Amino acid sequence: MKRSFLLLLFSLLISVTASGQVISETNTDILLQRAQQEYRDGKYKNSLALTQRGLELAPEYHDIRILQVRNLWALERMVEANADFEYLLEHAPHYPDLKPLAKQRFDRSRSAEEALDLLDRILGIYPDDLSFQVKKASLLIENHKTHEARALAKNLITRKNLPGKERYILQNILKQTISNEIGINYQYIDFSQEYSRSNSWNNMSGEYQHSFNRTVVLGRVTYSDRQYDQGMLYELEAYPVFSERLYAFTNFGFSKGDIFPDFRSSASLYFNFAKTFEAEVGARALIYDNTSFFTGILGLTAYSGKFYLNSRIFVGPERRDHLVQNYQFNVRYYFGDPDNYLFLRLGNGISPEESALYSLEEDPLLDAWYGSTGINKSFGIHHIFQVGGGVLHEEITKDKKGTQFIGTAGYRYRF
């Protein structure tokens, strides 16, 4: 008889495991601790029973209700979870732990329209929270409200102390919301007396850009006059954006004359990770006289406050039994939005990106250093100017070095 009594007492004690049995605990702090442990162990039903008991005892214990919302999410009981979330919005709108819960609530919305409606309510509580405002710009894009998204992004990106992750998202939004853009560019190249050539080179290009929803397409024509020869390069580029974290770049081009390759193609994939970093993996192909030459590319970008820091490595093609290798480092300092910045580029060797300077005749055993700097400046919402200058110092032969002086100017009109 005594043994049976002890077994009965023991089973009553373990009933607090909350599998539908009565929970006798009345200390709400202990209930919360046990519920948190059950949640961490993935026992969401047990944790939910404990939070329900806690709210019976203390309906205003907001930490318990927040945990209950998470349990209901885990169990996919969205109607009940939304009811508790609405309770928190009404009775504890400024409770500190409600803000991260609200950010997760957007991801559980059935549509971008529903998320946008919810966000407008949240912004009524946290009107100065930049992360919520950036999220609204993203949701406006998803709802195809491009003009509103662009106006909001242009305003937000001028804010001081904007985190790198939010700046990256806003920059992508501004890229996506350009409808039309035309541009002209001019490049002047002069040579030091060590070169056999004495005449300067002139390169000019014109381009047109159009945005199709989340994909930007650009056509470009480049004319190069090198005094001894002339050439035309025709290119088509596209920048498809797949998500806030993933986009791509593709380029196809062909030429008339002997200066540029007969055909060129490029492709890169860009992926944002760890909030402020972006990785690039890509390749370039050039065809001269039915012979193909390939270049592999790796890149890494960091967004730090108002700074854009980028490094890239170009490997290939193989020339004279050696791989041509180019290393490049780019810096931008933004004054406010993506249209206003100072830029600096430093490089060892000449990359295939520099179509007006790059030549397959480059000897991989000879050294070359390249540097340029300048400013990109917008005036109003339509006009963008860029002015820059650079120097290319290279070995012409093992015994002789020369310097090229490069000036650039460009104008773009957006509409």
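The values are calculated or read from the model by the stated rules, or taken from the named source; none is laboratory data. Quick caveat, the model's predicted, so the values are computed rather than measured. Note that we place each Cβ from the backbone using ideal geometry, even for glycine, and neighbour counts take in every protein chain shown. Areas reflect the complete protein model, heavy atoms only, side chains present, ligands, DNA and RNA absent. Shrake-Rupley method; radii C 1.70, N 1.55, O 1.52, S 1.80 Å.
Scanning segment 157-197 for residues that are out of contact with any helix residue (DSSP H, G or I) (no Cβ under 8 Å at 6 or more places or on another chain), of a type in the set (D, E, K, R) and closer than 21 Å to Glu278 by Cβ yields Lys165, Arg167, Lys175. Looking across Glu60, Glu80, one residue alone is open to solvent by 70 Å² or more (accessible area, probe 1.4 Å), over 26 Å from Leu156 (Cβ atoms) and in contact with a His (Cβ under 8 Å, 6 or more places away or on another chain). It is Glu60.
Being surrounded by 18 or more Cβ atoms within 10 Å (Cβ to Cβ), farther than 30 Å from Thr158 by Cα, at pLDDT 95 or above and more than 18 Å from the chain's Cα centre (by Cα) narrows it down to one residue among Gly253, Gly282; which is it? Exactly one residue qualifies, and that residue is Gly253. Of the candidates Tyr87, Tyr95, the single residue that is assigned to a helix (DSSP H, G or I), of a type in the set (Phe, Trp, Tyr) and open to solvent by 20 Å² or more (accessible area, probe 1.4 Å) is Tyr87. Listed by position, the strands (runs of 3 or more DSSP E) enclosed by segment 284-350 that each have at least 3 residues that are of a type in the set (S, T, N, Q) and over 24 Å from Gln404 (Cβ atoms) are 291-304. Scanning segment 25-36 for residues that are open to solvent by 80 Å² or more (accessible area, probe 1.4 Å) and either farther than 13 Å from Tyr61 by Cβ or of a type in the set (A, V, I, L, M) (or both) yields a total of 1. Evaluate segment 305-317: report whether one residue or more is polar (S, T, N, Q), within 21 Å of the chain's Cα centre (by Cα), at pLDDT below 95 and open to solvent by less than 80 Å² (accessible area, probe 1.4 Å). No, segment 305-317 has no match at all. Candidates Thr403, Thr397: the one that is more than 16 Å from Leu174 (Cα to Cα), more than 24 Å from the chain's Cα centre (by Cα) and surrounded by fewer than 14 Cβ atoms within 10 Å (Cβ to Cβ) is Thr397. Kindly indicate whether any position in segment 94-114 is under 30 Å from His382 (Cβ atoms) and touching a helix residue (DSSP H, G or I) at 6+ places or on another chain (Cβ under 8 Å). Yes: one or more hits. Is there any pair linking a residue in segment 115-142 that is part of a helix (DSSP H, G or I) to one that is aromatic (Phe, Trp, Tyr) and open to solvent by less than 10 Å² (accessible area, probe 1.4 Å), with Cβ under 8 Å and at least six apart or on different chains, and which? Listed pairs, sorted by first residue: Leu119/Phe132; Ile122/Phe132; Leu123/Phe132. The strands (runs of 3 or more DSSP E) falling completely within segment 152-240 that include 2 or more residues that are small (Gly, Ala, Ser) map to 201-212, 215-225, 230-240. Residue pairs whose Cβ atoms lie under 6 Å apart, sitting 6 or more positions apart in sequence or on different chains, and linking a residue in segment 193-220 that is exposed (fewer than 15 other Cβ atoms within 10 Å of the Cβ) to a partner that is part of a loop (DSSP other than H, G, I, E, B), are Asn199/Gln227. With respect to Ser266, determine if the residue is surrounded by 17 or more Cβ atoms within 10 Å (Cβ to Cβ), modelled with pLDDT of 90 or more and small (Gly, Ala, Ser). Here the answer is yes, as Ser266 does meet what is asked.
Scanning segment 175-234 for residues that are among the hydrophobic types (A, V, I, L, M, F, W, C) and either in contact with a Leu (Cβ under 9 Å, 6 or more places away or on another chain) or closer than 18 Å to Phe260 by Cα (or both) yields Ile189, Trp201, Met204, Val217, Leu218, Val221, Met232, Leu233. Scoring Ile122 on the criteria (1) of a type in the set (Val, Ile, Thr); (2) over 19 Å from the mean Cα position of the chain (by Cα); (3) surrounded by fewer than 17 Cβ atoms within 10 Å (Cβ to Cβ) leaves a single failure, condition (3). Leu298 meets all of the listed conditions (1) within 18 Å of Arg345 (Cα to Cα); (2) open to solvent by 70 Å² or more (accessible area, probe 1.4 Å); (3) touching a residue at least 24 places away in the same chain (Cβ under 8 Å) but one, namely (3).
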